[in-house]
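Engineer: My questions all concern the structure below.
The values are calculated or read from the model by the stated rules, or taken from the named source; none is laboratory data. Here the structure is a predicted model, which is why all the values come from computation and not from measurement. Quick reminder, even Gly has a Cβ in these numbers, built from the backbone with ideal geometry, and neighbours come from all protein chains shown.
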Amino acid sequence: MIIVNSRFLTQKITGVQRFAIEICKELKNSNLEFEFVTPKNIIHNNLADFLEVKKIGKLQGHLWEQITLQLYVLRKKALLISFCNTAPVFIRNQIVTIHDLSFRKYPQWNSKAFSLVYNNLIPFLAKKAMHILTVSNTSKQELVNELNISEEKISVVYNAVSSIFKDQLDINNNREKENYILTVSSFHPRKNLKRLIDAFLKISNSNIKLYIVGNFDKNFTDEGFDKNVLSSRIKILTNITDKELKTYYNSAKLFVYPSIYEGFGIPIIEAMSCGIPVCVSDISVFREVCGNNATFFNPFDIEDIKDKIILSLKRTKSDLKSTEKYSWNTSARKINEIILKLN
């Protein structure tokens, strides 16, 4: 029996949850039999219906995972798969997914409580679990170096692009005449939005705007930013659907992703799949993801970010073939193969 830790159905969707959702949609249609198990406080009900989830217990969050789920899996003597970094700590017969080690490499980005929990939980899970999944070779190497995990115990399963971003664009796209640079990001220190905004405001062409797709954090404007500037040249877009996001990608002059640290970076391949040029931080994982299909800048150098944006605006498109290797179906089949080897 294979049980999938589906607690992600109770969480807002970021890159980690997106990985879990898309993989599980593929696994549901595979030849293996999976049982998707969740707490009761589901917020993605359509997905839950599609996966035919089983709701168990009265607890929520970490307590549900560490108590309710753990007892359920042990009682069923099942193989457990978890896709979102955390998992029950006392189960040996499980596959865990560790997306990155940001909590360890950049502890200043998180609260002391978060850092304490993750710095104890993740290394323990990595050593306890039968196998580990991660989303890039860069993250795999970090797991090997930082946690002293054997390479043979870790498999790279790439993120991919949802089919909606590959479909033909609706002809009624009313953004074609808008002149903007696009970024898709949460308002988190690792995303480096402050330097991107500083660099953007140095661009002399006042006709071009910066669109930021992400849930806005009001604290962001309390740290030295002029709210009038943010509202006049910079547009913050919240609660954007995938269909709407596709139109923003397709009409953008350029996609910029200035992150200091990532495990992968799904928005980059979404943008590339829509054919727009991309300009990204010069970090190892983005070199892995983009290859030669991007312009790279020093994420700590505002002048370099500005110069590379200006240079990138002269490019016309991305190489669509560069995203063909990123497929949710391919990633799910690789997970199936791993399961069959372990069983």
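Engineer: Name the pairs whose Cβ atoms lie under 8 Å apart, with the first residue in segment 1-21 and at positive phi and without any contact (Cβ under 8 Å) to a residue 12 or more places away in the chain, the second assigned to a strand (DSSP E or B) and small (Gly, Ala, Ser), and 6 or more positions between them or separate chains?
Structural biologist: Matching pairs, first to second residue: none at all.
Engineer: Output the residue which, of all residues in segment 302-331 that are assigned to a helix (DSSP H, G or I) and of a type in the set (Ser, Thr, Tyr), is surrounded by the fewest Cβ atoms within 10 Å (Cβ to Cβ). So that I can check it myself, show each step before the final result.
Structural biologist: Let us first name the residues in segment 302-331 that are assigned to a helix (DSSP H, G or I), namely 302-312, 320-323, 328-331.
Retained after the next criterion (residues that are of a type in the set (Ser, Thr, Tyr)): 312, 322-323, 330-331.
Values: Ser312: 22, Ser322: 18, Thr323: 24, Thr330: 14, Ser331: 22.
Out of the qualifying residues, it is Thr330.
Engineer: Shifting gears a bit: When segment 53-82 is examined, which residues are found to be outside any helix (DSSP H, G or I), closer than 12 Å to Leu9 by Cα and out of contact with any Asp or Glu (no Cβ under 7 Å at 6 or more places or on another chain)? Before you say what the answer is, go through the steps one by one.
Structural biologist: Of segment 53-82, the ones outside any helix (DSSP H, G or I) are 53-60, 77-82.
Filter once more, keeping what is closer than 12 Å to Leu9 by Cα: 53-55, 60.
Once the filter is applied, which keeps residues that are outside any helix (DSSP H, G or I), closer than 12 Å to Leu9 by Cα and out of contact with any Asp or Glu (no Cβ under 7 Å at 6 or more places or on another chain), segment 53-82 yields Val53, Lys55, Gln60.
Engineer: I'd like to know if segment 259-269 contains one or more residues that are among the polar types (S, T, N, Q) and farther than 22 Å from Cys24 by Cα. Don't jump to the end; show me each part of the working.
Structural biologist: Looking only at segment 259-269, we keep the residues that are among the polar types (S, T, N, Q), and these are 259.
Of the ones still in play, those that are also farther than 22 Å from Cys24 by Cα are 259.
Within segment 259-269 (the criterion being among the polar types (S, T, N, Q) and farther than 22 Å from Cys24 by Cα), the answer is yes, since at least one residue qualifies.
Engineer: Wholly within segment 85-169, which helices (runs of 4 or more DSSP H) include no fewer than the required count, namely at least 1 residues that are touching a residue at least 60 places away in the same chain (Cβ under 8 Å)? Full working, then the answer.
Structural biologist: Numbers: elements: 102-105, 112-128, 137-147.
The helices (runs of 4 or more DSSP H) meeting that bar are 102-105, 137-147.
Engineer: Please specify each residue of segment 125-140 satisfying the condition of being surrounded by 15 or more Cβ atoms within 10 Å (Cβ to Cβ) and out of contact with any strand residue (DSSP E or B) (no Cβ under 9 Å at 6 or more places or on another chain).
Structural biologist: Passing the criteria: only Thr138.
Engineer: In segment 332-343, which residue that is of a type outside the set (Lys, Arg), part of a helix (DSSP H, G or I) and out of contact with any helix residue (DSSP H, G or I) (no Cβ under 6 Å at 6 or more places or on another chain) is modelled with the lowest pLDDT? Give the derivation first.
Structural biologist: To start, the set of residues in segment 332-343 that are of a type outside the set (Lys, Arg) comprises 332, 335-340, 342-343.
Going one step further and asking which of them are part of a helix (DSSP H, G or I), we end up with 332, 335-340, 342.
Narrowing further to those that are out of contact with any helix residue (DSSP H, G or I) (no Cβ under 6 Å at 6 or more places or on another chain): 335-340, 342.
Working: Ile335: 96, Asn336: 95, Glu337: 95, Ile338: 95, Ile339: 94, Leu340: 92, Leu342: 86.
Residue satisfying both the conditions and the ranking: Leu342.
Engineer: Any residue at all in segment 118-129 that's among the small types (Gly, Ala, Ser), modelled with pLDDT of 95 or more and under 27 Å from Thr241 (Cα atoms)?
Structural biologist: Scanning segment 118-129, I find no residue that is among the small types (Gly, Ala, Ser), modelled with pLDDT of 95 or more and under 27 Å from Thr241 (Cα atoms), so the answer is no.
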